[in-house]
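Reading through the structure tokens given below for one structure.
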């Protein structure tokens, strides 16, 4: 069938292969990149432009803080890079021998944190003292979901930037190396402890929101 997407064929093996340029180890992309290095460079530049746009456009998307929100955010950030921007991955993935949620179960951990976000009024009812622990738990759940084939980290960080801005708070991501964040996420899954994530958030939560707005739509 002509309308079957190569990464969504109904066959796991074909889906895995379908994400790549035929005969290549480079993901299909809209920028014409034929090497991983060229794709990474283009992705970084193009996503930075979209981030800047998004932060200037308060009404660019509904901030529902759920799976639909994550999908809309990924679509906006990566629309210039990947033809599957905003689509949930159709394959299982792992990093450093750490498996993420199976494709059919991606919505479960996201639904859990969406309920927590709604319950706390987009974290407005969470005290500064308790905030790092809440963020560590939520970040771990979204990371475990890993909804997209690529671009999860950037989407997730922007999602939490938007969420913190609801209570006029922010996250100083530039105060840490991404390797620290990745290690903390790995420990959370491999050793079943979010303490490294909690300590990291204790250091980077600040009063400088990335977005300027009041209440979300959820």
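The values are calculated or read from the model by the stated rules, or taken from the named source; none is laboratory data. Because the structure is predicted, anything quoted here is derived from the model rather than measured. In this analysis, Cβ positions are derived from the backbone assuming ideal geometry, glycine residues included, and neighbour counts consider all displayed protein chains.
Some observations on this one:
- When segment 189-218 is filtered for residues that are surrounded by 15 or more Cβ atoms within 10 Å (Cβ to Cβ), out of contact with any strand residue (DSSP E or B) (no Cβ under 9 Å at 6 or more places or on another chain) and at pLDDT below 95, the ones remaining, listed by number, are 216, 218.
- Test for residue 56: is it surrounded by fewer than 18 Cβ atoms within 10 Å (Cβ to Cβ), more than 26 Å from residue 213 (Cα to Cα) and at pLDDT below 95: no
- Residues in segment 131-151 include none that are surrounded by fewer than 15 Cβ atoms within 10 Å (Cβ to Cβ) and more than 18 Å from residue 16 (Cα to Cα).
- Among (1) at pLDDT 95 or above; (2) under 30 Å from residue 192 (Cα atoms), the one test that residue 21 misses: (2)
- Positions within segment 14-47 being in contact (Cβ under 8 Å) with a residue 60 or more places away in the chain and either more than 15 Å from residue 149 (Cβ to Cβ) or assigned to a helix (DSSP H, G or I) (or both), in sequence order: 15, 16, 43, 47
- Taken over segment 51-90, the criterion of being touching a residue at least 24 places away in the same chain (Cβ under 8 Å), over 28 Å from residue 120 (Cβ atoms) and part of a helix (DSSP H, G or I) is satisfied by 78 alone.
- Whichever residue in segment 8-49 is out of contact with any strand residue (DSSP E or B) (no Cβ under 9 Å at 6 or more places or on another chain) and within 12 Å of residue 82 (Cβ to Cβ) and, among such residues, is surrounded by the most Cβ atoms within 10 Å (Cβ to Cβ): 43
- Filter result for residue 128 (surrounded by fewer than 16 Cβ atoms within 10 Å (Cβ to Cβ), within 29 Å of residue 40 (Cβ to Cβ) and in contact with a strand residue (DSSP E or B) (Cβ under 9 Å, 6 or more places away or on another chain)): no
- Residue within segment 176-188 that is touching a residue at least 60 places away in the same chain (Cβ under 8 Å), buried (at least 16 other Cβ atoms within 10 Å of the Cβ) and in a helix (DSSP H, G or I) present: yes
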